[in-house]
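The values are calculated or read from the model by the stated rules, or taken from the named source; none is laboratory data. A quick note: this is a predicted structure, and the numbers were derived from the prediction, not measured. We place every Cβ from the backbone using ideal geometry, glycine too, and count neighbours over all the protein chains shown.
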């Protein structure tokens, strides 16, 4: 679904007796990456909502925000077993361009941004506090 639909889907989700679901921010989404020290949480890729690093330049050089393509090994970069072609939306908007949002592509452990009008997957989260 597109980003607006994904955001609305999470906001309206009632699952397991809970209704406080939301899209994860890019920092939270990066915690689902494994086998890619560059892009997992705390890696050299500088994209981070917590640290206020959401501009296009914060992902530079591009090689700092991805690892090798592992299409032949589905789920290689995902802690949750997401297949190689899964792209997940975050709630973190690209600084200076409200038409783009950051997300994760598990094909290469890539942290990048895309137009909100594109169709990707959604994983909703809840705050544990």
*Hey, among the residues in region 9-26 that are without any contact (Cβ under 8 Å) to a residue 24 or more places away in the chain and in a helix (DSSP H, G or I), which one's nearest to residue 102 (Cα to Cα)?*
11
*Out of 39, 19, which single residue is buried (at least 16 other Cβ atoms within 10 Å of the Cβ) and at pLDDT 90 or above?*
39
_Close pairs (6 angstrom Cβ cut-off, 6 or more residues apart or separate chains): more than 9 Å from residue 108 (Cβ to Cβ) in region 68-87, modelled with pLDDT under 75 and not in a loop (DSSP other than H, G, I, E, B) anywhere_ = none
*Collect the residues in region 89-117 that are farther than 25 Å from residue 34 by Cα and in contact with a helix residue (DSSP H, G or I) (Cβ under 6 Å, 6 or more places away or on another chain), keeping them in residue-number order.*
116
*Do the conditions hold for residue 95, that is, is it within 16 Å of the chain's Cα centre (by Cα), in a loop (DSSP other than H, G, I, E, B) and either touching a residue at least 40 places away in the same chain (Cβ under 8 Å) or closer than 17 Å to residue 126 by Cβ (or both)?*
yes
*Which of the following residues is in a loop (DSSP other than H, G, I, E, B) and either in contact with a helix residue (DSSP H, G or I) (Cβ under 6 Å, 6 or more places away or on another chain) or surrounded by fewer than 20 Cβ atoms within 10 Å (Cβ to Cβ) (or both): 76, 84?*
84
*Among the numbered conditions (1) touching a strand residue (DSSP E or B) at 6+ places or on another chain (Cβ under 6 Å); (2) in contact (Cβ under 8 Å) with a residue 60 or more places away in the chain; (3) assigned to a strand (DSSP E or B), tell me where residue 123 comes up short.*
(3)
